[in-house]
Amino acid sequence: MVGLDAEARIRERELALPSPPTPFGAYVEAVQSGSLLFLSGMLPVVDHAPGYVGLVGRDLTVADGYEAARTACLNGLAAARSHLGSLDRIRAIAKLGVYIACPPDFHEHPKVADGASELLLDVFGPARLPPRVVLGVSSIPLGMPVEIELVFEIGPAFVSQTQKWSQS
């Protein structure tokens, strides 16, 4: 397992990344600024429809919230791969933000957020586990229970068999 790249780890774990998500409004899914790739908020959508709806701790269990966070993170990885061509270009995960729609008395935010964190751990390994912020919020677009924010540091892309690298 040591030394496996992200794409190899995805294949080894038989993870299926979905098609990259498409916007629900007037925005783009990813913007690169220098060596950073910023993703729009990723939702737990499946085929451009909410995969989960409701508040965690009221309408959904912590386990449901965990799966919603994992689904949202899979969408984020799909968006990053679509923009970069390969997840192997990711050097570091600069930030993971997890926003959870929940009632005010909900206190199990870290367990829900681990749905995203543990997926990133599986794909990128412990050396690239990100810092994270986890917040409870009153609502998330389309009534979904989780939205995640990802910022990646990216490296050059290998572009040909002549051993040249691109900074794109």
Among the residues of the stretch 53-68, are any under 20 Å from Gly155 (Cβ atoms) and not hydrophobic (A, V, I, L, M, F, W, C)? no
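Applying the selection to the stretch 132-157, what residues are free of Cβ contacts under 8 Å to residues at least 40 places away in the same chain and in a strand (DSSP E or B)? Steps first, answer last, please.
Filtering the stretch 132-157 down to residues free of Cβ contacts under 8 Å to residues at least 40 places away in the same chain leaves 132-139.
Answer for the stretch 132-157, where residues must be free of Cβ contacts under 8 Å to residues at least 40 places away in the same chain and in a strand (DSSP E or B): Arg132, Val133, Val134, Leu135, Gly136, Val137.
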Which pairs turn up if I take residues in the stretch 85-112 that are within 18 Å of Met42 (Cα to Cα) and look for partners that are surrounded by fewer than 17 Cβ atoms within 10 Å (Cβ to Cβ) and at pLDDT below 95 with beta carbon separation below 6 Å, at least 6 apart in sequence or on another chain? Ile93/Arg128
Any residue in the stretch 138-157 that is in contact with a Cys (Cβ under 7 Å, 6 or more places away or on another chain) and either closer than 23 Å to Arg13 by Cβ or surrounded by fewer than 17 Cβ atoms within 10 Å (Cβ to Cβ) (or both)? yes
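Output the residues belonging to the stretch 56-73 that are of a type in the set (A, V, I, L, M, F, W, C) and either in contact with a Phe, Trp or Tyr (Cβ under 8 Å, 6 or more places away or on another chain) or free of Cβ contacts under 8 Å to residues at least 12 places away in the same chain (or both).
Selection gives Val56, Leu60, Ala63, Ala68.
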Can you work out which of the residues in the stretch 75-129 that are crowded, with 18+ Cβ neighbours inside 10 Å and either modelled with pLDDT under 95 or of a type in the set (S, T, N, Q) (or both) is farthest from Leu15 (Cα to Cα)? Ser117
Please go through the stretch 7-49 and give me each residue that is farther than 29 Å from Leu142 by Cβ and crowded, with 16+ Cβ neighbours inside 10 Å, ordered by number. Arg9
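Considering each residue of the stretch 12-39, count those that are more than 11 Å from Asn75 (Cα to Cα) and not charged (D, E, K, R), and give that number. Write out each step before concluding.
If we filter the stretch 12-39 for residues that are more than 11 Å from Asn75 (Cα to Cα), which is where we start, we get 12-15, 23-28, 30-38.
Subset that is not charged (D, E, K, R): 15, 23-28, 30-38.
So the count comes out to 16.
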Just to be sure I understand, how many residues within the stretch 81-133 are of a type in the set (Ser, Thr, Tyr) and over 17 Å from Glu147 (Cα atoms)? 2
Report, ordered by the first and then the second residue, all pairs with beta carbons closer than 7 Å, sequence separation of six or more or different chains, a first member in the stretch 1-18 that is modelled with pLDDT under 95 and assigned to a loop (DSSP other than H, G, I, E, B), and a second member that is surrounded by fewer than 12 Cβ atoms within 10 Å (Cβ to Cβ) and not aliphatic (A, V, I, L, M). Leu4/Glu12
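The values are calculated or read from the model by the stated rules, or taken from the named source; none is laboratory data. Predicted, not measured: the structure shown is a model, and the values here were computed from it. Because the Cβ atoms are built from the backbone with ideal geometry, glycine has one as well, and the counts that use them run over all protein chains shown.
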